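Notes to accompany the following structure.
Since every read-out is calculated from the coordinates, none of them should be taken as a lab result. This one's a predicted model, so the numbers in the text were calculated from it and none came from an experiment. Because the Cβ atoms are built from the backbone with ideal geometry, glycine has one as well, and the counts that use them run over all protein chains shown.
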Amino acid sequence: MAKVAKRILKWTGLLIGVVALGRYDLLILPVTPGPAIAHNPNHDAIPLDGQRINYWDYFYYPMCFNATGHPALTIPMGLDRDGLPVALQVVGPLNSERRLIEFARLIEPLHEGFVRPSQN
């Protein structure tokens, strides 16, 4: 039951975010709760903060907006201390693609773009 309650809270929080898009120009969120993961074709559980979480739960931030059709973009933010990519997701209201692209143009000089992960 605790797992179900946690999932409901996660989705409720994201749905509140969708409602907030009516009040804000853009939402800035993580893409995932941790860094990028290694190739995982079997969708095995993913280690995070000393626990293992369901593969699909690792991607709940973008899923909500994919399901609702809100435009979003990912901004690479570099590598974490283990050499894995981290990123932010910027989400706009429905039909705000132009605003989102303009935001991307404005912040482009402020970050280094994609950085190849280390080969550890």
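Annotation note: GluC sites (Glu not before Pro) in the stretch 34-113 located in DSSP loop regions with a Cβ neighbour count of at most 12 within 10 Å are GLU112. Which chymotrypsin sites (Phe, Trp or Tyr not before Pro) in the stretch 45-81 pass both tests, a DSSP loop state and at most 14 other beta-carbon atoms within 10 Å? Passing both the DSSP loop test and the Cβ count: TYR55. Counted residue by residue at 0.36 nm each, then reduced by the alpha carbon distance between them, the extension gain from HIS39 to THR68 reaches 7.8 nm. Using 0.36 nm times the number of residues separating ILE28 and TYR55, minus their current alpha carbon distance, what extension gain do you get? Fully extending the segment from ILE28 to TYR55 adds 7.5 nm. Counted by Cβ distance under 13 Å from PHE103, the other residues give a net charge of -1, where Lys and Arg count +1 and Asp and Glu count -1.
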